Amino acid sequence: MSRPLAAWEIALPTLTLFTLLGLSVYLFGDSSSMGANQIALCLSAAVAALMGWRAGISWSELQSAIYKGISVALGAILILFLVGMLIGSWILAGTVPTMIYFGLQLLDPSWFYAAACLVCALVSVSIGSSWTTAGTIGIGLIGTAAGLGLSVEITAGAIISGAYFGDKMSPLSDTTNLAPAVVGTDLFTHIRHMVWTTTPSIIIALLLFLVVGMRAEVPEADAEMAAMLSLLENNFNINLWLLIPLLAVFVLAYKKVPAIISIFLGALLGAVFAVIFQAEAVLKFAGVDASLPVALGLFKGIWMAFADGYVATTGNEQIDSLLSRGGMSSMLTTVWLIISAMVMGAVIERVGILEALIATILRFAKSVGGLVVSTILTCIGTNIVTADQYIAIVLPGRMFRMEFAKRGLSAVNLSRTLEDSATITSPLIPWNTCGAYMAGTLGVATLAYLPYCFFNLINPVISAIYGYSQFKIVPITDAERAALEQEAARTTERAAASH
């Protein structure tokens, strides 16, 4: 039989985690996620496991928890690998160069950041996926920003802001369905309640992106842009047909086809378009000579793009850096980070450290505002510790549900707060699955884009202000109270039967 951990046994792994991660960022900066964070997470997991072993938890139990924790992230890992395939094939097909080509001509630098945020918001609302939005249109926007001489870090912040607005407000989003399901409320009631905190947050974010864009000093680059457009035309067959793979992925996502299938089909479609529209470029990329049949040469080029991404050789350093991306192998470091984080999160949850920390926070929640802020901080902390936004929704949702009811508050207040914190802050943490995905997909370090994720930073603050002012805080309904009483009665009956 295991015993509860002592206070120092809870504190030691927690302090180890934050100390090592802090040192990692201090010593390695933006490159901390290239290996340093992984070591910090593994060492912290080892300390937590030692505390669990001292408390009587066997290694087999810890190992089982670790396997289960890693399995939670397998879906994300598969999507990451497939996104690597998709990026490589879409560059080879000319889809990404076409997006950059037209983006350079259509988007003005002064309102580019706001437009990027708005476009990603609209796309994400329609398909319900921040990951798909960033992994498709986001890639093109990053390339366009670089071509215009704008900051890719601010652009990444705009992409993520818009993508997570849509992910949060779309009825097709998994997190938007998960949050009300956990606390026991209706999906569309949940979405309507989120409008009150989400709308002012996105408006403020768009205004900030407009201000930043208008104040940005963009060098006069007409000649450079003309040269870049010419290089893209010379190295790729640019035409609007090449946007079909992008549209196909959006349609599949809108139809709620699983992300793994949608992205895989998108990558395959990119390969088909590469053969149809870029055969000469594919053969050049594959480095084949006349002795190899053309069909095999094309197959080799696509295979290379799937595995290791595309390598541009235009002679222009900026274009080559922009288009030399993708491939499954490019995601290996990100996968390493996710696995390390899930191991650490699984151990800390199994030994009871996470539950003890949440219980401690709850003791300080005296007012409605304090309860809302406690929920926000718990969700952010769970995102940091467990590295998974779904756990950061489910675990605090379960633990705070009864507390909200005891204080006469409707479950929609909790479901909204979960989304205002757990969903929104997940891409701001380098070792979280969402943060690792965004950094790996957009090619911008998490800590580099974090200050510019205006929507993600503002939304939790707006939620806390509403909590303390009790603005749009809904009281519990008679139906909710009756349902909770019935649930409590069933729990009591089951407990009595087990004895």
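The values are calculated or read from the model by the stated rules, or taken from the named source; none is laboratory data. Keep in mind that this is a model prediction, so the values were computed, not measured. Methodologically, a virtual Cβ is constructed for each residue, glycine included, from the backbone with ideal geometry; neighbour enumeration extends over all protein chains shown. In case anyone asks, the SASA skips ligands and DNA or RNA and just uses the protein heavy atoms, side chains included. Shrake-Rupley method; radii C 1.70, N 1.55, O 1.52, S 1.80 Å.
Scanning segment 16-39 for residues that are more than 21 Å from the chain's Cα centre (by Cα) and crowded, with 20+ Cβ neighbours inside 10 Å yields LEU17, SER24.
Take the conditions farther than 30 Å from LEU82 by Cα, modelled with pLDDT of 80 or more and either of a type outside the set (Ser, Thr, Tyr) or in a helix (DSSP H, G or I) (or both) and apply them to TYR449. Does it pass? In short, no.
In segment 13-32, how many residues are in contact with a helix residue (DSSP H, G or I) (Cβ under 6 Å, 6 or more places away or on another chain) and of a type outside the set (Gly, Ala, Ser)?
So in segment 13-32, the residues in contact with a helix residue (DSSP H, G or I) (Cβ under 6 Å, 6 or more places away or on another chain) come out as 13, 16-17, 20-21, 24-25, 28, 30, 32.
Remaining after also requiring of a type outside the set (Gly, Ala, Ser): 13, 16-17, 20-21, 25, 28, 30.
So the answer is 8.
Restricted to segment 128-141, and to residues there that are open to solvent by 10 Å² or more (accessible area, probe 1.4 Å) and over 12 Å from the mean Cα position of the chain (by Cα), the residue that is farthest from LEU207 (Cα to Cα) is ILE137.
Against the list (1) exposed (fewer than 15 other Cβ atoms within 10 Å of the Cβ); (2) under 23 Å from ALA76 (Cα atoms), the condition ASN239 fails is (2). Can we say ASP420 is among the charged types (D, E, K, R) and modelled with pLDDT of 90 or more? Judged against the criteria, ASP420 is a match. Scanning segment 391-414 for residues that are in contact (Cβ under 8 Å) with a residue 40 or more places away in the chain, surrounded by fewer than 18 Cβ atoms within 10 Å (Cβ to Cβ) and in a helix (DSSP H, G or I) yields a count of 3.
Per this entry, ALA281 is counted among residues that are farther than 20 Å from ALA145 by Cα, touching a residue at least 60 places away in the same chain (Cβ under 8 Å) and either among the aliphatic types (A, V, I, L, M) or assigned to a helix (DSSP H, G or I) (or both).
Matching residues to (1) under 30 Å from ALA73 (Cβ atoms); (2) modelled with pLDDT under 85:
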{"residue": "PHE277", "(1), (2)": "no, no"}
{"residue": "GLU280", "(1), (2)": "no, no"}
{"residue": "GLY297", "(1), (2)": "no, no"}
{"residue": "MET304", "(1), (2)": "yes, no"}
{"residue": "VAL311", "(1), (2)": "yes, no"}
{"residue": "ILE319", "(1), (2)": "no, yes"}
{"residue": "SER330", "(1), (2)": "yes, no"}
{"residue": "THR333", "(1), (2)": "yes, no"}
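For the condition of a type outside the set (Asp, Glu), under 30 Å from VAL257 (Cβ atoms), part of a helix (DSSP H, G or I) and open to solvent by 10 Å² or more (accessible area, probe 1.4 Å), ALA116 does not qualify.
Would you call SER367 among the polar types (S, T, N, Q), closer than 26 Å to SER463 by Cβ and surrounded by fewer than 23 Cβ atoms within 10 Å (Cβ to Cβ)? Yes. Taking the listed residues ILE203, ILE191, the one that is assigned to a helix (DSSP H, G or I), open to solvent by less than 30 Å² (accessible area, probe 1.4 Å), out of contact with any strand residue (DSSP E or B) (no Cβ under 6 Å at 6 or more places or on another chain) and free of Cβ contacts under 8 Å to residues at least 60 places away in the same chain is ILE191, with no other qualifying. For MET51, only one of the following conditions fails: (1) open to solvent by 30 Å² or more (accessible area, probe 1.4 Å); (2) assigned to a helix (DSSP H, G or I); (3) over 22 Å from THR333 (Cα atoms); (4) not acidic (Asp, Glu). What is its number? Of (1) open to solvent by 30 Å² or more (accessible area, probe 1.4 Å); (2) assigned to a helix (DSSP H, G or I); (3) over 22 Å from THR333 (Cα atoms); (4) not acidic (Asp, Glu), only one is false for MET51: (1). None of ILE376, ILE338, ILE380, ILE348 is part of a helix (DSSP H, G or I) and surrounded by fewer than 22 Cβ atoms within 10 Å (Cβ to Cβ) except ILE380.
Just one residue in the set LEU92, LEU80, LEU62, LEU106 is aliphatic (A, V, I, L, M) and open to solvent by 20 Å² or more (accessible area, probe 1.4 Å); that residue is LEU106.
Condition check ((1) in a helix (DSSP H, G or I); (2) closer than 24 Å to SER124 by Cα) across all residues:
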position	(1), (2)
ILE261	yes, yes
LEU269	yes, yes
VAL288	no, no
LEU292	no, no
LEU296	yes, no
THR334	yes, yes
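In segment 153-179, the residues that are surrounded by fewer than 22 Cβ atoms within 10 Å (Cβ to Cβ) reach residues that are small (Gly, Ala, Ser) and modelled with pLDDT of 90 or more with C-beta atoms within less than 8 angstrom, at least six apart or across chains, in these pairs: GLU153/ALA448. Would you call ALA422 small (Gly, Ala, Ser), closer than 13 Å to ILE376 by Cα and within 19 Å of the chain's Cα centre (by Cα)? Taking the combined requirement at face value, the residue satisfies it.
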